[in-house]
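> My questions will all concern the structure given below.
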Amino acid sequence: MSTWLRDDTEAVACCVCHHEGRPLYDLDPFGVVRCPRCTLVFVSPRLRPEALQRLYEAPQYHQGVYGEEGRFSPAMFLQRQWTNGRLALAERELDRKVFGTRLLEIGAGHGLFLDAARARGYDVNGVELSETAAAHARDTLGLTVHSSQLADAPLEGRFDVICAWDTLEHVPDPVEFWKAIRGLVADDGVVLFSTPYFSSAPSRLLRRRWWTLKPTEHIWQFTPRTHRTVAEQAGMQVTRTLLNPLSKANLTRLDSLVGVARPRER
Ligand SMILES: [Zn+2]
C-alpha cells in the first residue's frame with residue numbers, strides 16, 4: 001500500500017459532540033484521538049474522502065479482505081462459523097418466522113452472508129460500495145446487491161433485519177449512518193452489527209501496535225459504551241453486546257464484538 005502524506009489527510013471532530021479529540025497515539029500522518037466529552041475514539045487527521053476512495057478501489061484491498069480462499073481454508077471455515085452464528089442470533093432476536101422476512105446487509109462484500117441468509121428463507125437485499133464485489137454477488141450468486149453509498153441505494157420499504165458486519169468503523173459519520181439505518185428498519189425490526197472494539201484486551205495490551213488499529217480504514221474505534229452513545233443520537237438503542245470469542249457469531253475474535261440494536265420506543 002502506498003505511503004500517505006499529510007496532504008492526503010484532514011482533521012475531523014467527534015460525530016456525536018462535534019468536539020475536537022485529545023491525542024492518544026501519533027501515527028504520522030494520522031492521529032488517534034479521544035473525545036473529551038463522550039469518550040469516542042476516532043482517527044484525526046484521517047484520509048480525505050478522495051484518498052480513501054483510492055484505497056478501497058485498489059484490487060489488493062479486497063483481496064486482503066475477502067481473499068481468493070479455497071472452500072476448506074481456515075479463513076473460510078471461520079467465515080462459515082460467523083455466518084451461521086450470526087444468522088442464529090438474528091433468528092433469536094427476531095423471534096418470529098424467518099420465511100419472507102426482509103433482510104438488508106450493508107457492506108455485503110461478495111455476498112456470502114446474503115447467500116446463506118437467503119438459504120434460510122430471508123428475502124435478501126445488499127448494498128456494497130465496491131463495484132467488483134457487488135458484481136460478483138449479482139452475477140455469481142444471483143443476489144440483489146446495489147453498488148452505491150447507502151443513501152443512494154434504490155431501496156424500498158422497511159427491513160425486518162439489517163446487518164452491518166465490520167462496517168461502522170469505516171463510515172465517514174457513524175451518527176449519520178445510524179440515522180439512515182433508523183429510516184430503513186421496521187419499528188419492530190432488529191439491527192445486527194460487528195466492529196473491532198477499543199477496550200478489548202489486544203487493544204489495551206498492544207496499544208499503538210494493535211493489529212486492528214489500521215488508521216487508514218478504521219476511522220472510528222468504539223467500545224460497548226460509545227456504541228450505545230452513538231446509536232442513541234439516531235433514535236436507536238443497543239440492546240445487546242456480545243464480546244465472547246467462543247460464541248459462534250464472534251468465534252476467535254478477541255478484539256471484536258457483535259451488537260444488537262433496535263429502534264427506541266416512540
Ligand atoms: Zn464526543
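> Are there any pairs with C-beta distances below 9 angstrom linking a residue in region 35-54 that is without any contact (Cβ under 8 Å) to a residue 60 or more places away in the chain to a residue that is basic (Lys, Arg) and more than 8 Å from the ligand (Cβ to nearest atom), with the two at least 6 apart or on different chains, and if so which?
Cys35/Arg22; Pro36/Arg22; Pro45/Arg6
> Next question. Would you mind finding the one in Thr241, Thr252 that is in contact with a Gly (Cβ under 6 Å, 6 or more places away or on another chain) and either of a type in the set (S, T, N, Q) or farther than 24 Å from Thr101 by Cβ (or both)?
Result: Thr241 is the single residue among Thr241, Thr252 that is in contact with a Gly (Cβ under 6 Å, 6 or more places away or on another chain) and either of a type in the set (S, T, N, Q) or farther than 24 Å from Thr101 by Cβ (or both).
> Quick check on region 217-248: of everything there that is open to solvent by less than 20 Å² (accessible area, probe 1.4 Å) and within 17 Å of Val12 (Cα to Cα), which residue is farthest from the chain's Cα centre (by Cα)?
Among them, the one singled out is Val230.
Yes or no, residue by residue, for (1) under 20 Å from Val185 (Cα atoms); (2) surrounded by 23 or more Cβ atoms within 10 Å (Cβ to Cβ); (3) among the basic types (Lys, Arg):
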residue	(1), (2), (3)
Leu78	no, no, no
Gly85	no, no, no
Leu89	yes, no, no
Glu93	yes, no, no
Val98	yes, no, no
Arg102	yes, no, yes
Leu112	no, no, no
Thr132	no, no, no
Ser148	yes, no, no
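> Which ones in region 114-133 are among the aliphatic types (A, V, I, L, M) and modelled with pLDDT under 95?
Scanning region 114-133 gives Leu129, Ala133.
> How about region 10-98: which helices (runs of 4 or more DSSP H) wholly inside it have at least 3 residues that are within 16 Å of the ligand (Cβ to nearest atom) and either in contact with a helix residue (DSSP H, G or I) (Cβ under 9 Å, 6 or more places away or on another chain) or modelled with pLDDT of 95 or more (or both)?
So the answer is none; nothing clears 3.
The values are calculated or read from the model by the stated rules, or taken from the named source; none is laboratory data. This one's a predicted model, so the numbers in the text were calculated from it and none came from an experiment. Every residue, glycine among them, receives a Cβ derived from its backbone with ideal geometry; neighbour counts consider all protein chains shown. For the accessible areas, the whole protein counts, side chains as well, though only heavy atoms, and no ligand, DNA or RNA atoms are used. Shrake-Rupley method; radii C 1.70, N 1.55, O 1.52, S 1.80 Å.
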